[in-house]
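Below is one structure, written out as structure tokens; comments come after it.
The values are calculated or read from the model by the stated rules, or taken from the named source; none is laboratory data. Not measured: the values here are computed from a predicted model. Because the Cβ atoms are built from the backbone with ideal geometry, glycine has one as well, and the counts that use them run over all protein chains shown.
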Amino acid sequence: MFDDITRIAIIREVQAGTPAEPMLLAETWSAEPSERILLGYFPEGRLRFAADVVWSVYRREAEAADGP
């Protein structure tokens, strides 16, 4: 899910929902947009929360890759 570069994710504002409203979209980093993996949608004003979730997922994946 994550590679070995310093970028781990993209968090950006998008219009989502019906009716459309601003939200934060978090996805794994990849230079190719089609290779990014959705991590979640978050309320517009909760950037810190989105970053905390991304970091938690990254740590869990990194620890699993290192093995027991």
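Cβ-Cβ distances below 6 Å connect the following pairs, each with a first residue in segment 48-68 that is over 21 Å from Leu24 (Cα atoms), a second residue that is surrounded by 15 or more Cβ atoms within 10 Å (Cβ to Cβ), and a separation of six or more residues or different chains: Glu61/Phe2. Annotation note: of Glu63, Glu35, the sole residue that is surrounded by fewer than 16 Cβ atoms within 10 Å (Cβ to Cβ), at pLDDT below 95 and over 14 Å from the mean Cα position of the chain (by Cα) is Glu63.
Looking only at residues in segment 56-68 that are of a type outside the set (A, V, I, L, M) and in a helix (DSSP H, G or I), the one that is farthest from Ala9 (Cα to Cα) is Asp66.
If you go through segment 15-29 one residue at a time, how many are under 21 Å from Val57 (Cα atoms) and either free of Cβ contacts under 8 Å to residues at least 24 places away in the same chain or not small (Gly, Ala, Ser) (or both)? Count: 6. For Leu47, the test of being at pLDDT 90 or above and surrounded by 15 or more Cβ atoms within 10 Å (Cβ to Cβ) is failed.
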